[in-house]
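A quick write-up on the structure given underneath.
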Amino acid sequence: MSCPPITEASLPRRVSALCCQAAVKAAEFVRQASSRLSRLVHTRDGTGTAGGRVVGQAEVSGDLPNGIAPDHPGKVPRLLSVAVAALVLASSLMGLTVRGVYQEAPSVVAMYRGLDAVNLAVAVPGLLGSLWLARRGSLRGWILWTGTLAYTLYTFTLYVFGLGFSTAFLLHVAILALAVYALALALAGRDREGFARRFRHRLPARAAASILGLLGLGLGGIWTYYASRFALTGTVPPDGLIVQPVAGLHLSYAADLVLIVPAYLLAAVQLWRQSPWGYLLGGTLLASGALQQLGYMAQLAFQARAGIPGATAADPNEPPIVVAYLVALALLLTGFRTRKATRPGERTAAYGLPTGPAT
């Protein structure tokens, strides 16, 4: 099949035709979106059915035995998450199998291949699996979903700003951009009031908040001390167990002090006060942190396997940190109320929660 050649005279007409087609499709998309939004608002006001029955202000789903309406992820964050998973899969396979993707020192190449292995084996299946659970109305699935997105955001911040230009640069940029918007929409789209009211007791939440706060204070305190010492004395911060240039160490300090430490402290305070934001944000950060520790251990292992001078295969201080993340995350994931069937005729309050005593 041959295409007519594009001449200088015909190019403006073709561009104009394409712009017209794009405008028509965009107008149709906006019309359909407005129609769907109107039907959604109409249903939530209790004046429509949308294929289900409405009790009070919440639509009852036949999938949940207690009549609690699931707060499903929206279509846009779902599509963005699937796109993130597909691109991370491609990026990881490229980094592990294609020589010369990373034009860096051998120690840095080993670091990022360790992250590629975790992304391929854990992050991609975890993102898709947790998204599937969240789509079915699972609160635990929602936390794991947003946590995996937060891990992807942090990790690909390191890829984008820690590596030079490579054949995968635009792929890494796309993953980071999609992860940012997917996470923002996922967190903003969650019914936080109903999410918080499903938590069983105050003590597990405050225990998780304490662990999260200690992790944030510890990390922030160490990095702030070394950065302040450099500002006052000119002493370069000491190398960690990961063998990397000073620029890589600087990026780790910056990413942790900007993205991790303030978020940990804010979430710890909100979780201690039983704020609706605290449960969702705290769980998200704990799930993300657990994955980040896995990535750290993989970096050490890959550097040792590559024979990098000075590399060590394991960090003896790592097990207590991993246990702290897992214990705090388990306190939140196991702290939700068990579903109980709603009695016939029982009213359902806003957010889809039964008005009767919780189990």
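Note on segment 250-269 and segment 110-178: Cα centroid distance 18 Å, given to the nearest whole angstrom. Rounded to the nearest whole angstrom, the semi-axes of the ellipsoid equivalent to segment 199-263, taken from the Cα gyration tensor as √(5λ), stand at 31, 12, 9, largest first. Under the convention that each Lys and Arg Cβ holds +1 and each Asp and Glu Cβ holds -1, the size of the dipole of segment 70-337 around its Cα centre is about 1020 debye.
From Cα pairs below 8 angstrom and at least 6 apart in sequence, can you work out the relative contact order of segment 185-334, rounded to a whole percent?
Working: 144 pairs, mean separation 51.3, N = 150.
Relative contact order, segment 185-334: 34 percent.
The mean sequence separation of alpha-carbon pairs under 8 Å and at least six residues apart, normalised by the residue count of segment 70-337, gives a relative contact order of 27 percent.
Beyond 23 Å, what share of the Cα-Cα pairs of segment 70-337 remains, rounded to the nearest whole percent?
Working: 18786 of 35778 pairs.
The calculated P(r) of segment 70-337 puts 53 percent of pairs beyond 23 Å.
Taking all Cα pairs closer than 8 Å and separated by 6 or more residues, the relative contact order of segment 114-266 comes to 22 percent.
Read-outs: derived from the displayed coordinates by stated rules, not from any lab. For clarity, every value in this text was computed on a predicted model and none was experimentally measured. All Cβ positions, even for glycine, are placed from backbone atoms using ideal geometry, and neighbour counts span all protein chains on display.
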